[in-house]
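The values are calculated or read from the model by the stated rules, or taken from the named source; none is laboratory data. Quick caveat, the model's predicted, so the values are computed rather than measured. Note that we place each Cβ from the backbone using ideal geometry, even for glycine, and neighbour counts take in every protein chain shown. We work out accessible area using only protein heavy atoms, side chains counted, and drop any ligands, DNA or RNA first. Shrake-Rupley method; radii C 1.70, N 1.55, O 1.52, S 1.80 Å.
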Amino acid sequence: MDSDALTSAKPVPLSTHEEDPINQSTSLLSFNTDSSDPSSNRTHKPSTTILFIALLLITCIALSAAAAFAFLFFSSSSSSSSSSSSAPSALDTTARSLNKLDKPVVLLISSDGFRFGYQFKTPTPNIHRLINNGTEAETGLIPVFPTLTFPNHYSIVTGLYPAYHGIINNHFVDPNNGDTFTMASHEPKWWLGEPLWETVVNHGLKAATYFWPGSEVKKGSWDCPKGLCMNYNGSVPFEERVDTVLKYFDLPSSEIPVFMTLYFEDPDHQGHKVGPDDPEITEAVANIDKMIGRLIDGLEKRGVFEDVNIIMVGDHGMVGTCDKKLIFLDALASWIEIPAEWVQSYSPLLAIRPPAGYNPSDIVEKMNEGLKSGKVENGKYLKVYLKEELPSRLHYAASDRIPPIIGLVEEGFKVEQKKTNRKECGGSHGYDNAVFSMRTIFIGHGPQFARGRKVPSFENVQIYNLITSILKINGASNNGSASFPSSILLHSA
Ligand SMILES: [Zn+2]
């Protein structure tokens, strides 16, 4: 333990997580420079030996008192590290130095559909090792709207809201040319903005992607290099993905990619089938934890676990849906007919593009009239908007690709064209990102993250700046805030 840091430690009360970590650390730093060096308090005047000895004694007593105080503070802060709030400890204000790697490395892991709270479903010792020794968004990571897989994964790596990065849904039609985007579309024209792998390569550094929406798209300086950029194949066992990423750390130090992605389809896959409250989810969460354990083991064997900045996130949460919570568009026929051809997506994001000649405002008005009439089953749980009139916090208007009419459906409800006899219960996501069940996790672990720290929830568009900040490179402009990284990361030494 660094004795200098100990003696200079100003006992900081365990405060709420609201406390501004920047101010806190600056005050610690200034305390540090003012009085941490005991020798600066010492007088070197050789006037009398007695005076010198007396001063030395006083210094010693002061030092022991400070050390005892600091010890008390640290032991209390570490014992409470698993509780709900903890300020960064004084030892934790500066980034820890690298032992083996010669530059910062970020490993970005996504566990699809990992709803905030899943980490408590079952013992997750490996995920909790990252949480307890790292920095966690205390009430989860806030996805962007719509809370769907492709829009969110691409927001995480570009720092842009979907209206600006272009992936406004998992599938949509470009009204300018009638082309259809699907999750298998790899033409660069769809994928706007500058994803992290491109930013990294622009700085002469290496990136490696073991799956991530958009990573296979050859765009700008990123050509999806063989061996570093994997073509999506959902049947690759998770173990193989982890082991491949680990092998990058066997490369000579200068060739280790500084930014890597690792993607798991679970527990989203199970969530859709059975909803969030099923033993199958518990099992999937336990398996993701096992993969994190396998990763930690491999990094420890290579002596780099404490050197790598691991960021573990999900893209969105999950909520149960069942057949009694349905709204049928055909039930609106007495007010307005909505043919299936107008509907680009039903649920949970209802997106309607009427053909030319129809006035979207009239359609919105008639639909809402019907929905509010009390005569449409579950009508009150769907509200239809012109996209420009959606709440501005959704940032879901500024793109031609977003159809003019958007319906917001309440948590757990689904929109369908017409009533069928189908019985269905499962899980869904895509709802308003203010809905708590749509939240996912954020955990940062590594030399730039304080240990045992909880931070307030934030939107995933902040992650781009966080990563460029760790890598010490300039990123492209985006919707994240430039000051955000300093509120989450330890300050560079
Ligand atoms: Zn997803």
Filter pass, residue 424 being more than 15 Å from the ligand (Cβ to nearest atom) and open to solvent by less than 30 Å² (accessible area, probe 1.4 Å):
no
Among the residues of segment 106-116, which ones are within 16 Å of the ligand (Cβ to nearest atom) and more than 13 Å from residue 439 (Cα to Cα)?
108, 109, 110
Quick test of your reading of the structure: residue 270 fulfils all but one of (1) of a type in the set (S, T, N, Q); (2) open to solvent by 10 Å² or more (accessible area, probe 1.4 Å); (3) away from the ligand (no atom under 15 Å from the Cβ); (4) in contact with a Gly (Cβ under 9 Å, 6 or more places away or on another chain). Name the failing condition by number.
(3)
Only one of (1) in contact with a Lys or Arg (Cβ under 6 Å, 6 or more places away or on another chain); (2) surrounded by 19 or more Cβ atoms within 10 Å (Cβ to Cβ) is not met by residue 397, so which one is it?
(2)
Which of (1) more than 23 Å from residue 434 (Cα to Cα); (2) open to solvent by 50 Å² or more (accessible area, probe 1.4 Å); (3) assigned to a loop (DSSP other than H, G, I, E, B); (4) at pLDDT below 95 does residue 84 not meet, given it meets every other one?
(1)
Enumeration of residues in segment 151-163 that are on the phi < 0 side of the Ramachandran plot and either of a type outside the set (Ser, Thr, Tyr) or more than 16 Å from the ligand (Cβ to nearest atom) (or both):
151, 152, 153, 156, 157, 158, 160, 161, 162, 163
Scanning segment 117-150 for residues that are open to solvent by 10 Å² or more (accessible area, probe 1.4 Å), part of a helix (DSSP H, G or I) and within 16 Å of the ligand (Cβ to nearest atom), the one nearest to residue 185 (Cα to Cα) turns out to be 150
Over 22 Å from residue 153 (Cα atoms) and either at pLDDT below 95 or not in a loop (DSSP other than H, G, I, E, B) (or both): does that describe residue 289?
no
Filter result for the condition that a residue is within 31 Å of the chain's Cα centre (by Cα) and surrounded by fewer than 21 Cβ atoms within 10 Å (Cβ to Cβ), over 347, 361
347
For segment 246-305, name all the residues that are small (Gly, Ala, Ser) and in contact (Cβ under 8 Å) with a residue 24 or more places away in the chain.
253, 254, 271, 275, 286, 293, 298, 303
Among the listed residues 336, 327, which satisfies the condition of being on the phi < 0 side of the Ramachandran plot and buried (at least 21 other Cβ atoms within 10 Å of the Cβ)?
327
Output the number of the condition that residue 298 fails; it satisfies all remaining conditions of (1) in a loop (DSSP other than H, G, I, E, B); (2) surrounded by 16 or more Cβ atoms within 10 Å (Cβ to Cβ); (3) more than 20 Å from the chain's Cα centre (by Cα).
(1)
With the condition kept exactly as written, say whether any residue in segment 304-315 is at pLDDT below 95, small (Gly, Ala, Ser) and not in a strand (DSSP E or B).
no
Have a look at 439, 451 and point out the one that is in contact (Cβ under 8 Å) with a residue 40 or more places away in the chain, closer than 24 Å to residue 110 by Cβ and open to solvent by 70 Å² or more (accessible area, probe 1.4 Å).
451
Pairs returned, first residue in segment 380-406 that is free of Cβ contacts under 8 Å to residues at least 12 places away in the same chain, second residue that is of a type in the set (Gly, Ala, Ser), beta-carbon separation under 6 angstrom, 6 or more apart or interchain, are 388/397
Just the residues that are in contact with a helix residue (DSSP H, G or I) (Cβ under 8 Å, 6 or more places away or on another chain), away from the ligand (no atom under 15 Å from the Cβ) and farther than 24 Å from residue 135 by Cβ, please, taken from segment 284-326.
287, 325
Can you tell me how many residues in segment 231-267 are part of a loop (DSSP other than H, G, I, E, B), more than 16 Å from the ligand (Cβ to nearest atom) and open to solvent by 40 Å² or more (accessible area, probe 1.4 Å)?
6
Checking residue 103 against (1) closer than 24 Å to residue 265 by Cβ; (2) more than 16 Å from the ligand (Cβ to nearest atom); (3) in contact (Cβ under 8 Å) with a residue 24 or more places away in the chain: exactly one of these is not met. Which one?
(1)
Can you confirm whether residue 337 is away from the ligand (no atom under 16 Å from the Cβ) and out of contact with any Ser or Thr (no Cβ under 8 Å at 6 or more places or on another chain)?
yes
Does residue 463 meet the test of being open to solvent by less than 10 Å² (accessible area, probe 1.4 Å), part of a helix (DSSP H, G or I), within 28 Å of residue 259 (Cα to Cα) and more than 16 Å from the ligand (Cβ to nearest atom)?
no
Neighbours by Cβ (under 9 Å, 6+ apart or cross-chain): first from segment 409-422, among the aromatic types (Phe, Trp, Tyr); second open to solvent by 50 Å² or more (accessible area, probe 1.4 Å):
413/325; 413/381
Within segment 364-379, can you find the residues that are under 37 Å from the mean Cα position of the chain (by Cα), in contact (Cβ under 8 Å) with a residue 12 or more places away in the chain and assigned to a helix (DSSP H, G or I)?
364, 367, 368, 371, 379
